[in-house]
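For reference, the structure discussed in these notes is given below.
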Amino acid sequence: MTIGVIKVARPRKMSFPESLYLVEIVKGLGVTMGHMLSNIVRQEGIKTIEYPEVRREMPPRFRGRHRLMKREDGTPRCVACYCCATACPAKCITIVAGESPDPGVEKYPVRFDIDMLRCVFCGMCVEACPCDAIRMDTGWFTPPDDTREKLIFTIDTLLEK
Amino acid sequence: MPTLTINGMIVDVPAGTTIINAAEKIGIEIPRYCYHPKLSVAGNCRMCLVEVEKFPKLQTACSTVVNDGMVVRTDTEKVRKAVTGVLELMLIHHPIDCPICDQAGECGLQNYYMKFGLHKSRYDLEDKVHKKKVQDIGGQIVLDAERCILCSRCVRFLTEVTGTQELHFFNRGDHSEISIFPGRPLDNNYTGNLADICPVGALTSKDFRFKCRVWFLKVFDSICTGCSKGCNVDAHHKGDILYRLKPRWNDAVNQAWMCDFGRLTYKEMNEARLLTPFVREEGARKVAAWGSLLPDVAFRLKAAAEKGGTDRVAVIASPQSSNEELYLLRRLATERLGTSNLAFTHRVAGDGFADGFLIQADKNPNSRGAQLLGIPDGAAFDALVSKIAGGGIDALLVFGNVLGPLSEEETAALLAKVPFVAQVGTNEGPVSKAANAVLPSASVAERGGTFTSHVGRVQRFRFGFPARGKAKNPIEILVSLGNRLGAGWDFAGEASVFKAIAGTEAPFAGMSYDSIGMFGQEIKG
């Protein structure tokens, strides 16, 4: 039965000098040395940057880590309406609402936590916010940290930025 | 029977029916704010305008009684324009503070704006008339006068249902608002209903204020455990936390209302719950495992019966348990333990206040069920208590968190007389502080079953969400105790137990979960 059988070409067997890879190693080193020498001569062409001292310029619509906006008197603009938490597909926003001492404000967030480990940076929370209280325009990523707890950003952290 | 045509559909309704109800019968929704089936017709919101042939003007569907041969249209351009205009008028001075409004998500203005409005505002924000927000007007209610659309449902409720008349309209035109008289806050036991009947966010619940957004909540049918009336309720929960109870309409029991005490009973299903089984050794709590504790309790009960005679074992039932649990408990006591020391007691809160409407003096949902299932109360309970106090009991199985009217000290002193006390309860309380072995039970929201109300109406409460912690369904606990005492029961869940009750207990004969249905069924005789 030959129907449906496809003959696959086997890879060619390497000759002995090829199997030593000597020529290829020298070629590779040539590329490396070439880059090194050209970087010494022409510094502006270097692709890598010295993060974190130097930061890359992000496009203006880049969705970075969140910040919460403040009113003129320094209180959070957020009124704890839960629209962001409702829109969030990763369910990373935890809000606890409370009665504000200012009767003109009524409702304010007692807690506003974003679990940055869960966040997928989709920007839905910004889209949903009726008060323009949450923005993702900090232009930077979530910095790494050594515990999970530190990466759950609380309201104070989010208001600082 | 007048026959009329609504949107081309022919409908037969009894004489005296209004157009709004006739339309509802064939599934046509006519928007309404002031109309409420349980209140008188006011006809002042003008949202239910419909076109009726041979009438020169649009008619309010809530107040127009049908005639034979009437031709009604609710879908014409004229009606749509009128309804949109009415809605625009109502929204002129509306603060649109939906982000901080608890009604958002179940608000009449939001729903009808999306359906009938969708207009651009032609009114400047600065021109809006501002009224007083966040007014604590007593009871369970917060008033926001700005959000009010002056439908007068609350005014009619307080006139027609409670008869207390605390809320009234004040001022005229744009400045008219509802309010209380100075220094005369809401003073009745049914204020929570105002938040339910208010179609907008003007009257909201103080207890539920800012707790949770309504669109996160899921609903299941339940029965209020606050008293023996057995009000039908909708229990709203998110995850394993109950957030509020709302009356579920049942014309035979609570109509569309419930009392303020009942509304707050959900709290004990959230707070101070017993979550892990434990034993008390030399006064200290020690967490136990179900697998070892259940055989242990069964063994201790049996050992006491064998050693000192069945008269030295006692069982105290709870009128907070369902019919199914009480039935199994009675069989456990009489058949497996062979004891006649079985009783329960009522819990009458405070001065035994009852108002002849919904609030009953007996603060238990199932006292009648316990009586019908042959568990004695009253003198039998007092006799059992004096027997325990006299040191005549070696092992005691207690259901419930409290021993009726006994105080914490009395309970502790009484239970100290018994060498072994096992409790099946939901919450921390006087009994759990004194019991030797505590078996945590699922709350009403976490299990299913039936209660028998004070008039003998058997009503179902449904399973809402899995039990918290390591709490178990009491039916499961009873079956497993019974089987360890040689009962050989194969009950699985409340439905199979109820089948057995319907088969053997005369008052429940012939009943089934199907015949009880959504609204309950009265016992025979």
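Taking the stated definitions as given, is B:Gly139 on the phi > 0 side of the Ramachandran plot, outside the structural domain of B:Thr345 (by TED's automatic domain parsing) and either among the hydroxyl-bearing types (Ser, Thr, Tyr) or outside any strand (DSSP E or B) (or both)?
On the way: on the phi > 0 side of the Ramachandran plot: yes; outside the structural domain of B:Thr345 (by TED's automatic domain parsing): yes; either among the hydroxyl-bearing types (Ser, Thr, Tyr) or outside any strand (DSSP E or B) (or both): yes.
Judged against the criteria, B:Gly139 is a match.
Can we say B:Ser205 is surrounded by fewer than 24 Cβ atoms within 10 Å (Cβ to Cβ), in contact (Cβ under 8 Å) with a residue 40 or more places away in the chain, among the hydroxyl-bearing types (Ser, Thr, Tyr) and away from chain A (no Cβ under 14 Å)?
Values: surrounded by fewer than 24 Cβ atoms within 10 Å (Cβ to Cβ): yes; in contact (Cβ under 8 Å) with a residue 40 or more places away in the chain: yes; among the hydroxyl-bearing types (Ser, Thr, Tyr): yes; away from chain A (no Cβ under 14 Å): no.
No.
Mind counting the residues in segment B:325-335 that are buried (at least 22 other Cβ atoms within 10 Å of the Cβ) and either under 12 Å from B:Ala370 (Cβ atoms) or more than 29 Å from the chain's Cα centre (by Cα) (or both)? If you could, list the steps in order and put the result at the bottom.
Filtering segment B:325-335 down to residues buried (at least 22 other Cβ atoms within 10 Å of the Cβ) leaves B:325-329, B:332-333.
In the following step, the residues that additionally are either under 12 Å from B:Ala370 (Cβ atoms) or more than 29 Å from the chain's Cα centre (by Cα) (or both) were identified as B:325-327, B:329, B:332-333.
Result for segment B:325-335: 6.
Among the residues of segment A:85-104, what is the count of those that are of a type in the set (A, V, I, L, M) and in a helix (DSSP H, G or I)? Let's see the steps before the verdict.
Of segment A:85-104, the ones of a type in the set (A, V, I, L, M) are A:85, A:87, A:90, A:93, A:95-97.
Narrowing the set further to residues that are in a helix (DSSP H, G or I) leaves A:85, A:87.
Of the residues in segment A:85-104, 2 are of a type in the set (A, V, I, L, M) and in a helix (DSSP H, G or I).
What's the total number of residues in segment A:30-84 that are in a loop (DSSP other than H, G, I, E, B), surrounded by 13 or more Cβ atoms within 10 Å (Cβ to Cβ) and of a type in the set (A, V, I, L, M, F, W, C)?
7
Could you pull out the residue among B:Asp240, B:Asp196, B:Asp234 that is modelled with pLDDT of 95 or more and either more than 29 Å from B:Cys34 (Cβ to Cβ) or within 11 Å of the chain's Cα centre (by Cα) (or both)?
Numbers: B:Asp240 fails: modelled with pLDDT of 95 or more; B:Asp196 fails: either more than 29 Å from B:Cys34 (Cβ to Cβ) or within 11 Å of the chain's Cα centre (by Cα) (or both).
Within the list B:Asp240, B:Asp196, B:Asp234, the selection yields B:Asp234.
Out of the residues in segment B:481-525 meeting the condition of being touching a residue at least 40 places away in the same chain (Cβ under 8 Å) and acidic (Asp, Glu), tell me which one is nearest to B:Ser292 (Cα to Cα).
B:Glu494
Tell me which of these B:Arg368 doesn't satisfy, since it passes every other one: (1) in contact with a His (Cβ under 7 Å, 6 or more places away or on another chain); (2) more than 17 Å from B:Asn401 (Cβ to Cβ); (3) modelled with pLDDT of 90 or more; (4) part of a loop (DSSP other than H, G, I, E, B).
Here B:Arg368 meets the rest and fails (4).
Inside segment A:90-118, can you point out the residues that are hydrophobic (A, V, I, L, M, F, W, C) and at the interface with another protein chain (Cβ under 10 Å from one of its Cβ atoms)?
Taking segment A:90-118 as the starting set, the residues that turn out to be hydrophobic (A, V, I, L, M, F, W, C) are A:90, A:92-93, A:95-97, A:105, A:110, A:112, A:114, A:116-117.
Selection gives A:Ile95, A:Val96, A:Ala97, A:Val105, A:Val110.
Restricting to segment B:489-511, count the residues that are of a type in the set (A, V, I, L, M), surrounded by fewer than 19 Cβ atoms within 10 Å (Cβ to Cβ) and either assigned to a loop (DSSP other than H, G, I, E, B) or touching a strand residue (DSSP E or B) at 6+ places or on another chain (Cβ under 8 Å) (or both).
Initial filter on segment B:489-511 (of a type in the set (A, V, I, L, M)): B:492, B:495, B:497, B:500-502, B:506, B:509, B:511.
Applying the additional criterion that residues be surrounded by fewer than 19 Cβ atoms within 10 Å (Cβ to Cβ) yields B:492, B:495, B:500, B:502, B:506, B:509.
Still in the list and also either assigned to a loop (DSSP other than H, G, I, E, B) or touching a strand residue (DSSP E or B) at 6+ places or on another chain (Cβ under 8 Å) (or both): B:492, B:509.
The qualifying residues number 2.
Which residues, counting only those in segment B:210-248, are among the basic types (Lys, Arg), more than 14 Å from chain A (Cβ to nearest Cβ) and surrounded by 17 or more Cβ atoms within 10 Å (Cβ to Cβ)? Please lay out each step first, then the result.
Going residue by residue through segment B:210-248, those that are among the basic types (Lys, Arg) are B:211, B:213, B:218, B:229, B:238, B:244, B:246, B:248.
The next check asks that each one be more than 14 Å from chain A (Cβ to nearest Cβ); those that pass are B:218, B:229, B:244, B:246, B:248.
The answer is B:Lys229, B:Arg244, B:Lys246, B:Arg248.
Spot the failing condition for B:Gly138; the list is (1) closer than 26 Å to A:Ala128 by Cα; (2) more than 14 Å from chain A (Cβ to nearest Cβ); (3) out of contact with any Phe, Trp or Tyr (no Cβ under 8 Å at 6 or more places or on another chain), and only one is missed.
Condition not satisfied by B:Gly138: (1).
Could you tell me which residue of segment B:93-135 is farthest from the other protein chains (Cβ to nearest Cβ), considering only residues that are among the charged types (D, E, K, R) and under 33 Å from the mean Cα position of the chain (by Cα)?
B:Lys115
Got a sec? Which of B:Arg331, B:Arg312, B:Arg285 is in contact with a strand residue (DSSP E or B) (Cβ under 9 Å, 6 or more places away or on another chain) and under 19 Å from B:Phe381 (Cα atoms)?
Going through B:Arg331, B:Arg312, B:Arg285 in turn, just one is in contact with a strand residue (DSSP E or B) (Cβ under 9 Å, 6 or more places away or on another chain) and under 19 Å from B:Phe381 (Cα atoms): B:Arg312.
Can you go through B:Gly404, B:Gly429, B:Gly391 and tell me which one is within 21 Å of B:Leu242 (Cβ to Cβ) and among the small types (Gly, Ala, Ser)? Full working, then the answer.
Working: B:Gly404 fails: within 21 Å of B:Leu242 (Cβ to Cβ); B:Gly391 fails: within 21 Å of B:Leu242 (Cβ to Cβ).
Step by step, each of B:Gly404, B:Gly429, B:Gly391 is checked, and only B:Gly429 is within 21 Å of B:Leu242 (Cβ to Cβ) and among the small types (Gly, Ala, Ser).
Condition first: within 14 Å of chain B (Cβ to nearest Cβ), assigned to a loop (DSSP other than H, G, I, E, B), loosely packed, with under 13 Cβ neighbours inside 10 Å and not hydroxyl-bearing (Ser, Thr, Tyr). Can you find one or more residues in segment A:135-155 that meet it?
Going through segment A:135-155, the residues within 14 Å of chain B (Cβ to nearest Cβ) turn out to be none.
The answer is no; no qualifying residue exists.
Is it the case that B:Val313 is surrounded by fewer than 23 Cβ atoms within 10 Å (Cβ to Cβ) and over 18 Å from the mean Cα position of the chain (by Cα)? Spell out how you get there, then give the answer.
Working: surrounded by fewer than 23 Cβ atoms within 10 Å (Cβ to Cβ): no; over 18 Å from the mean Cα position of the chain (by Cα): yes.
Taking the combined requirement at face value, the residue does not satisfy it.
A:Ile134 versus (1) within 17 Å of A:Lys70 (Cβ to Cβ); (2) out of contact with any Cys (no Cβ under 6 Å at 6 or more places or on another chain): which is the lone unmet condition?
(2)
The values are calculated or read from the model by the stated rules, or taken from the named source; none is laboratory data. The shown structure was predicted, so the numbers you read here are calculated from the model rather than taken from an experiment. Every residue, glycine among them, receives a Cβ derived from its backbone with ideal geometry; neighbour counts consider all protein chains shown.
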